[in-house]
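Read the structure below first, then the notes.
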Amino acid sequence: MSRTSIIGFPRIGENRELKFATEKYFKKEISENELQIVASNIRKQNWHLQKKADIEFIPSNDFSFYDQMLDTAIMLNVVPKRYKELNLNVLDTYFAMARGYQGENGDVKALSMKKWFNTNYHYLVPEFDKTIKIQLNTTKIFDELCEATLQNIQTKPVIIGPFTFLKLATFKDGVKSQDFYEDLIKVYSLLLEKLSARNVNWVQLDEPSLVCDLTKEDIELFKHLYQSILIRKEKTHVLLQTYFGDVRDSYQDIIQLNFDGFGLDFVEGKETINLLNQFDFPKTKILFAGVINGKNIWRNNYQKTLDLLRNLPNCFEVIINSSCSLQHVPLTVKAETKLADSVKQHLSFAIEKLIEIREIKDLLNHFHAKTFEKNQALFKFPRTKANTKVSEQIKELTKAEFNRQPSRKQRREIQTKELNLPLLPTTTIGSFPQTAEVRKQRFAYKKERISKKNYAAFIKEQINKWIIWQESIGIDVLVHGEFERNDMVEYFGENLNGYIFTKNAWVQSYGNRFVKPPIVWNDVSRKQAITVTWTSYAQSLSEKYIKGMLTGPVTILNWSFPREDISLKEQAYQIALAIREEVLDLESAGISIIQIDEAALREKLPLRKSDWQSEYLDWAVKAFCLVHSQVSPKTQIHTHMCYSEFEEIIPTIDLLDADVISFEASRSDLSILSKLRESNFETLVGPGVYDIHSPRIPSVKEIEEAIEKILTYLPAKQVWINPDCGLKTRGILETKASLKNIVQATQAIRKQLT
Ligand code: GLN
Ligand code: ZN
């Protein structure tokens, strides 16, 4: 007999209740108590849904107000001094760490934020300074346990394990990871003891860092931590849960440890099955088999899954599990009332995945022909008719189409003369605040409550206002503001054949930010010119350069739910050809600077170095080059990347052959700069000097310092000055104040230089 489990569940609520309540709390429109009630209702709903679907290992403590790493930091008392000194209550300290704080009690920046492995979810980077004393500092886990028990639901608390916590943390003031091993062991042991005392049957310790490339020392550390933590085994069973890949470096070591169950990923873990076949699975332990894809939204092919499960080496028990937390997929297909049934039958979001897990269990335990045949019918025929024109075009691509001429150095000379920009040119990343009014108008237009003409007039008014404002404060390269765009991927998707869209399929990106990735349904091609009208309009208003603004093919693909029936490379090339048409149209319309955002390029970099080139970078770089290789040497191509650690792929970023790149740097202490210098980075760079993911306004002095720091690493001629990302999530007041400070700081530094 098999049982069923999931690793975690979306905590957003059916109608994004958590987001809206949190935002109200930030604006002091509701009390903490009211916020807690919303959260509690979401948790209860989630548990009941899972129970109804017959999930037997239901997670608790997978809920979070902002981020599970931040929760873990709080649990372990890893609260840096600057936040303690604010003297705020527990919840507000938590939010200060997440978003920064500017108010009566002080002025501090948020913790650094990074992408969670190869997902578009962002976690807050725990920061150890010398004031940190690790202690068990939580009621959350126990409160949620109790809350579930009161609902008559037994849960499996989920906790990020000490190894992953340490691997993802940063260490300041000379403190080191090893200074904390012993205290961490104590705290996790105590935690297990306390869970045992509460009769918890299973606890899930998440250790996704095990799927990355590990050194011998890493494995030793893992063993050291867990040998000690698991020494005095209590009643509670401990599940070591991994996801986002396989544990090839440590499998033989970890199965020796005193865990009761191992959660392995069979979806992204290419080697998982081989590891089991080669080294066997301990006979007395339970295998949690991650077979339902927690990241993509397509129905599972039961035949394949059953084959896999039936061919596993003999185990004591196999539990049917998701491959990772379901927080990376939307809540339910049921909310998609606009999609045809013929489409919906192919989709599976979190709630549908619960049912798939149960059905697989039933099929495994005893055969249900009807369920099985209904599932298999989905895979008998192609979903739609292919667009052979596109695939032909891709087959015929020539080398020259991936190779921009002349060389970047030569182009730089031409562009310097042609564009005649000041030293340290200032610009922004593209979007300006999407106010309630902007969203309201777009919504009304979508619902056909206002005419196309009135909507266009409204957008033009916005563009006009902001062009005048940008000129007035002295920004050098202007943008039109992206007011017509709901989202940098969805907007393009809407203008491409082959894409379909959802109404309510939100996925958490960070904290209270959610994205609604479109779905690649069929071969992609451009329907019509997408951005040319707005960009040309903006350019007609100013003597200064307006930067055209496009989303690049890799980002469009990475922020969509991709197809599984053709390769990612093929899909990226299809999108690249569509965006190439747009680049050439903008150029013909007289736009001399074009930014092709690759915000998400780093995101899908395989977790293992050996896969970087062959599985990803080779085609990702080519897809980007395909987009811009045909433009004139005079046209300056920019790109932009956000939140990520791309230090390791700096040479690859140069290969994109853009003329200028802007990127996030302000939250990561500009550490990327020395790497740029070391690798003789050629592309001009705009390291962000203002953290736009926080409502805090940076002072002129702060920005001057940031610029000065940049200039100690890079020659002024190579540097652009800009915020670290688009401003659409910010309010108008803070945006204007911050940008004014940026321009003022830049002008002051320029004076010193000339
Ligand atoms: N041009 C986009 C904007 O400014 C870039 C956003 C992003 O990098 N995520 O909103
Ligand atoms: Zn960005």
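Derivation of every value follows stated rules applied to the coordinates shown; laboratory data play no part. All figures in this text were calculated on a predicted structure; none of them were measured in a lab. Backbone-built Cβ (ideal geometry, glycine too); neighbour counts: all protein chains shown.
See the values below:
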read-out: Crossing angle, helix 452-473 versus the chain [Cα axis fit, 0-90 degrees, rounded to tens]; value: 70 degrees
read-out: Phi-based couplings in Hz for segment 434-441 (Karplus 6.51, -1.76, 1.60; Gly and Pro marked x); value: 8, 6, 4, 5, 4, 5, 4, 5
read-out: Highest average packing first - 373-380, 671-678, Cβ atoms within 10 Å; value: 671-678, 373-380
read-out: Estimated FRET transfer efficiency when R0 is 25 angstrom, pair L312-D253 (beta carbons, to 0.05); value: 0.75
read-out: FRET efficiency, 1/(1 + (r/R0)^6) with R0 41 Å, evaluated for D107 and Q405 via beta carbons; value: 0.25
read-out: Estimated [θ] at 222 nm from DSSP helical runs (n ≥ 4, -39500 (n - 2.57)) normalised by residues in the chain, nearest 500; value: -12500 deg cm²/dmol
read-out: Relative contact order of segment 1-120, defined on C-alpha pairs under 8 angstrom at six or more residues apart (%); value: 21 percent
read-out: Cβ-based net charge around R449, under 13 Å, with every Lys or Arg adding one and every Asp or Glu removing one; value: +4
read-out: 10 Å binning of all Cα-Cα separations within segment 675-754, expressed as whole percents from 0 upward; value: 18, 49, 27, 6
read-out: Inter-label distance for K235 and I473, nm, one decimal - labels placed 7 Å from Cα along Cα-to-Cβ; value: 6.1 nm
read-out: Segment D213-K527, extension gain: residue separation times 0.36 nm, minus the distance between their alpha carbons; value: 108.8 nm
read-out: Projected label distance in nm at S614 and A436, using a 7 Å step from Cα toward the beta-carbon; value: 5.5 nm
read-out: Using θ = phi - 60° and Karplus 6.51 cos²θ - 1.76 cosθ + 1.60, couplings along segment 118-127 (whole Hz; Gly, Pro as x); value: 9, 10, 9, 8, 10, 10, 8, 7, x, 10
read-out: Area projected by the alpha carbon convex hull of the chain, averaged over all directions, nm²; value: 31.5 nm²
read-out: Rg/Rh for segment 98-257, where both radii come from Cα atoms and Rh is the Kirkwood radius; value: 0.98
read-out: log₁₀ of I(q)/I(0) at q = 0.13, 0.28 Å⁻¹ - segment 335-384, Debye sum with one point per alpha carbon; value: -0.37, -1.15
read-out: R0 of 35 Å, Cβ-Cβ distance K465-K709: FRET efficiency to nearest 0.05; value: 0.55
read-out: Å³ per residue enclosed by the Cα convex hull of segment 1-123; value: 127 Å³
read-out: Candidate lysines - alpha carbon under 22 Å from K156, same-chain residues fewer than 8 apart omitted; value: K44, K51, K52, K140, K186, K194, K233, K235, K285, K295, K353, K361
read-out: Reach of K395 by Cα under 19 Å, taken over lysines that are not fewer than 8 positions away in the same chain; value: K385, K569, K622
read-out: Zone residues, segment 75-104, relative to S699, backbone N less than 14 Å from point 7 Å out along Cα-to-Cβ; value: 102-103
read-out: Rounded to whole Å, sorted largest first: equivalent-ellipsoid semi-axes of segment 526-661, Cα gyration tensor; value: 27, 17, 12
read-out: Segment N365-R513, length gained on full extension (0.36 nm per residue, minus Cα span); value: 49.2 nm
read-out: Sequence ranges 474-480, 649-655, ranked by mean other-Cβ count within 10 angstrom, highest first; value: 474-480, 649-655
read-out: Calculated P(r) tail over 17 Å for segment 470-573, as whole % of Cα pairs; value: 59 percent
read-out: Gain on full stretching of the segment that runs from F443 to T149 - 0.36 nm per residue minus C-alpha separation; value: 101.6 nm
read-out: For segment 636-711, alpha-carbon Rg over 2.2 N^0.38 Å; value: 1.10
